[in-house]
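Written below as structure tokens is the structure these notes are about.
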Amino acid sequence: MVGSKIIFKNTNLCYIFNEKHMLQKVINFKDKLAKFSEHWSPRVIAEMNDYQFKLAKFKDKFVWHDHQDTDEVFLVLKGSMSIELSDHTVKLNEGEMFVVPKGTKHRPYAKEECHVLLVEPRGVVNTGDSGGELTAQNDVWV
Ligand code: NI
């Protein structure tokens, strides 16, 4: 494992930690959110197996898109947002979450700035196959 090292070893256990996880064991959403202000620009804060936890700030309308290979979790930390789907709109308030099923067209929208935790596999592009100017660089950590 590149960039990792063994920090503790005994007869039964061998813990291997990636260096960035050693530096940041407790992850505080508020602290992380204070470190960026761009809208529609998710920042990775942690990984679990092949999945990433990303913080994002939403405001105004995103683009219609889908993710052909994965579901996508939206968990609202602050504010409220909507997710337009082809036949209805889901409204999410603080403390609520929604799983957009794989391959489902969706368009997030937030009238006022909304802070969201996204959970999805590593490598998922925010605009799916739709592209455009709101496509964010992937795998940017904060
Ligand atoms: Ni999406």
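Quick notes on this one:
- Inter-probe distance in nm under a simple model that places probes 7 Å from Cα toward Cβ, at ASP139 and TYR51: 2.0
- Note that region 27-121 carries a Kirkwood radius of 13.4 Å, evaluated over its alpha carbons pair by pair.
- Rel. contact order, % - alpha carbon contacts under 8 angstrom, at least six apart, region 27-121: 35
- Distance between modelled label sites at ASP60 and PHE98, nm, 7 Å Cα→Cβ extension: 2.1
Only the coordinates and a few stated rules stand behind these numbers; no lab work does. Not measured: the values here are computed from a predicted model. Reconstructed Cβ throughout: ideal geometry from the backbone, glycine too, with neighbour counts over all protein chains shown.
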